[in-house]
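Below is one structure, written out as structure tokens; comments come after it.
The values are calculated or read from the model by the stated rules, or taken from the named source; none is laboratory data. Predicted model, so just to flag it, every value in this text is computed and none were measured. FYI the Cβ positions are ideal-geometry reconstructions off the backbone, even for glycines, and counts take in every protein chain you see.
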Amino acid sequence: MRHSMRRSATILALAGAVAAGTISTASASPNAPEIRYGMTGFKVYCVQVGISYHQRSDAWTSQDGQFGNHTLSQVKNFQGDLGLSVDGKVGKNTGSEVLWGIEHAKVEKNGPWATPWGVSIDNCYQVVPSHF
């Protein structure tokens with residue numbers, strides 16, 4: 001029940017951000033493919049940043065965009081902590097929580113920032129699967 005309420009609160013918070021215009025519905029991608037072990041690049045960086053800020057953790061000394069064993073372990077721990085299905089893949093449920101973490105990162109950093117891929121962190125909404 002607690003995890004269901006938390007998931008509902010996350011979805012409501014992100015929906016509020018969409019309504020407030022801080023997240024564009026045009027940029028949200030509910031049909032983005034899941035992110036999983038072996039992948040690399042910007043979408044994996046988004047997962048690493050989102051989990052780190054969601055849990056207020058320094059679990060990563062660097063967010064390198066590599067979905068290897070360390071990221072797999074962190075995703076599984078993240079899913080378990082939130083009462084989500086622990087499969088190590090970032091689908092819509094896990095992705096919605098990752099995006100919540102990115103919103104927290106933006107608050108802490110006083111807004112979006114350019115990533116090592118030369119695009120804004122806001123572009124995570126295009127590549128991370130979610131319920132939006």
Just to be sure before I move on: is Ser62 exposed (fewer than 14 other Cβ atoms within 10 Å of the Cβ) and either part of a helix (DSSP H, G or I) or touching a His at 6+ places or on another chain (Cβ under 8 Å) (or both) in the structure I sent?
no
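Pick out the one residue from Phe78, Phe132 that is within 15 Å of Arg36 (Cβ to Cβ), surrounded by 15 or more Cβ atoms within 10 Å (Cβ to Cβ) and either in contact (Cβ under 8 Å) with a residue 40 or more places away in the chain or more than 10 Å from the chain's Cα centre (by Cα) (or both).
The match here is Phe78.
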Kindly evaluate Lys43 against the criterion of being at pLDDT 75 or above, in contact with a strand residue (DSSP E or B) (Cβ under 6 Å, 6 or more places away or on another chain) and among the charged types (D, E, K, R).
yes
Report, ordered by the first and then the second residue, all pairs with beta carbons closer than 6 Å, sequence separation of six or more or different chains, a first member in the stretch 104-127 that is in contact (Cβ under 8 Å) with a residue 60 or more places away in the chain, and a second member that is surrounded by 11 or more Cβ atoms within 10 Å (Cβ to Cβ) and basic (Lys, Arg).
Val127/Lys43
Given Ala32, Ala13, Ala26, which one is closer than 18 Å to Pro112 by Cα, part of a loop (DSSP other than H, G, I, E, B) and either modelled with pLDDT of 95 or more or not polar (S, T, N, Q) (or both)?
Ala26
Are any of the residues in the stretch 39-47 among the small types (Gly, Ala, Ser), touching a residue at least 40 places away in the same chain (Cβ under 8 Å) and touching an Asp or Glu at 6+ places or on another chain (Cβ under 9 Å)?
no
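Looking only at the stretch 65-94, which residues are in contact with a helix residue (DSSP H, G or I) (Cβ under 8 Å, 6 or more places away or on another chain) and either of a type in the set (Ser, Thr, Tyr) or not in a loop (DSSP other than H, G, I, E, B) (or both)?
Selection gives Gln66, Thr71, Gln74, Val75, Phe78, Gln79, Leu82, Ser85, Val90, Asn93, Thr94.
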Of the residues that sit in the stretch 93-113 and are over 12 Å from Gly50 (Cα atoms) and at pLDDT below 95, which one is farthest from the chain's Cα centre (by Cα)?
Asn110
